[in-house]
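Have a look at the structure below, then the notes.
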Amino acid sequence: MADRSGPRIEPIADGPLRYRKGTDPEDRGTLKRADGSEIEIRDTALLCRCGASARKPFCDGSHAGTDFTSARIWRPGPGEVMDHVGERITIHDNRRLCAHVEFCVQELPTVFDRGRRPWIDPDGASVEEIVALCDKCPSGALGYTIHGQEAVPRVRPATVIASREGPFFVEGDVTIVDPALPEGAPEEHCTLCRCGASRNKPLCDGKHWEVGFVDVED
Ligand code: FES
């Protein structure tokens, strides 16, 4: 993520994410709930990423009483960044970034089908539909090239969203202060683990499904 005057997120070793609002008066950044409502903070907040806080999305210190570790234990292997070349569009799939939010398989199954090999068919829908879907991918795992031109990064307000029972969706000019971000991570958006179980911290790797992460009491 770009290092300008927008908000910053600093993962603290074996602890929460330190979120600081930016200094750009035009866009200091917004923290939001999954329903889109703003979570008011002054300048700084500690955001839970162990999954145990009773005050989510804020840290309440619970990580100290758990075996939470911020260590990144995932070791990507070869072939985890794939290009799927179609007649009109090439879809790039970066497995190092995927958070398994599943917008792709749910909303465009003619293109994205986990039961098929290869699982992406770049000719399975119109270019417009594929572009819209790739733009919606919150983790940045999906990208595209049309006629040799890679997608231009979007310009969106700096926003961090505590998604429902999933990761933080980070959009816009937000700097992630972590030199260990995987190769190919887009500067404009990513998903940050807040359940504590990801092997690819600070990024989400979809483990929240497996551990049944719950952040709200219904
Ligand atoms: S929120 Fe932790 S793996 Fe997705």
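Which numbered condition in (1) more than 27 Å from F68 (Cα to Cα); (2) without any contact (Cβ under 8 Å) to a residue 12 or more places away in the chain is the only one that P179 fails?
Checking P179 against (1) more than 27 Å from F68 (Cα to Cα); (2) without any contact (Cβ under 8 Å) to a residue 12 or more places away in the chain, the one that fails is (1).
Condition (residue is surrounded by fewer than 22 Cβ atoms within 10 Å (Cβ to Cβ), touching a residue at least 12 places away in the same chain (Cβ under 8 Å) and either hydrophobic (A, V, I, L, M, F, W, C) or within 16 Å of the ligand (Cβ to nearest atom) (or both)) applied to the stretch 145-154: is it met by at least one residue?
So far as the stretch 145-154 goes, yes, one or more of its residues are surrounded by fewer than 22 Cβ atoms within 10 Å (Cβ to Cβ), touching a residue at least 12 places away in the same chain (Cβ under 8 Å) and either hydrophobic (A, V, I, L, M, F, W, C) or within 16 Å of the ligand (Cβ to nearest atom) (or both).
List pairs: first in the stretch 203-216 and touching a residue at least 24 places away in the same chain (Cβ under 8 Å) and more than 6 Å from the ligand (Cβ to nearest atom), second outside any loop (DSSP other than H, G, I, E, B) and polar (S, T, N, Q), Cβ under 7 Å, 6+ apart or cross-chain?
Between residues of the stretch 203-216 that are touching a residue at least 24 places away in the same chain (Cβ under 8 Å) and more than 6 Å from the ligand (Cβ to nearest atom) and residues that are outside any loop (DSSP other than H, G, I, E, B) and polar (S, T, N, Q), the close pairs are L203/T191.
Given the options A141, A185, A197, name the one that is within 26 Å of A54 (Cα to Cα), of a type outside the set (S, T, Y) and either in contact (Cβ under 8 Å) with a residue 24 or more places away in the chain or touching a His at 6+ places or on another chain (Cβ under 6 Å) (or both).
Only one candidate qualifies: A197.
Taking the stretch 8-38 only, how many residues are surrounded by 13 or more Cβ atoms within 10 Å (Cβ to Cβ) and either closer than 14 Å to F169 by Cα or among the basic types (K, R) (or both)?
Number satisfying all stated conditions: 14.
Of the residues R49, R114, which is crowded, with 16+ Cβ neighbours inside 10 Å, of a type outside the set (G, A, S) and farther than 24 Å from V155 by Cα?
R49 is the lone residue from the list that is crowded, with 16+ Cβ neighbours inside 10 Å, of a type outside the set (G, A, S) and farther than 24 Å from V155 by Cα.
Just one of (1) under 13 Å from the mean Cα position of the chain (by Cα); (2) within 15 Å of the ligand (Cβ to nearest atom); (3) at pLDDT 95 or above trips up L142, so point out which.
For L142, the failing item is (2).
Residue-by-condition table, conditions (1) of a type in the set (G, A, S); (2) in contact with a helix residue (DSSP H, G or I) (Cβ under 8 Å, 6 or more places away or on another chain); (3) more than 30 Å from P25 (Cα to Cα):
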residue	(1), (2), (3)
H147	no, no, yes
E150	no, no, yes
E165	no, yes, yes
L181	no, no, no
E187	no, no, no
T191	no, no, no
N200	no, no, yes
G212	yes, no, yes
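Go through the stretch 74-132 and give me each residue that's assigned to a loop (DSSP other than H, G, I, E, B), among the β-branched types (V, I, T) and touching a helix residue (DSSP H, G or I) at 6+ places or on another chain (Cβ under 7 Å).
I89, V111
Just wondering, is there one or more residues in the stretch 187-194 that are over 14 Å from the mean Cα position of the chain (by Cα) and among the basic types (K, R)?
Within the stretch 187-194, not a single residue is over 14 Å from the mean Cα position of the chain (by Cα) and among the basic types (K, R).
Is at least one residue of the stretch 165-173 over 13 Å from the mean Cα position of the chain (by Cα) and not polar (S, T, N, Q)?
The answer is yes, given that some residue of the stretch 165-173 is over 13 Å from the mean Cα position of the chain (by Cα) and not polar (S, T, N, Q).
Please state which one of V170, V160 is more than 11 Å from the ligand (Cβ to nearest atom), outside any loop (DSSP other than H, G, I, E, B) and within 18 Å of C134 (Cβ to Cβ).
Matching residue, one of V170, V160: V170.
The values are calculated or read from the model by the stated rules, or taken from the named source; none is laboratory data. In this text, all values refer to a predicted model and were calculated from it rather than measured experimentally. Note that we place each Cβ from the backbone using ideal geometry, even for glycine, and neighbour counts take in every protein chain shown.
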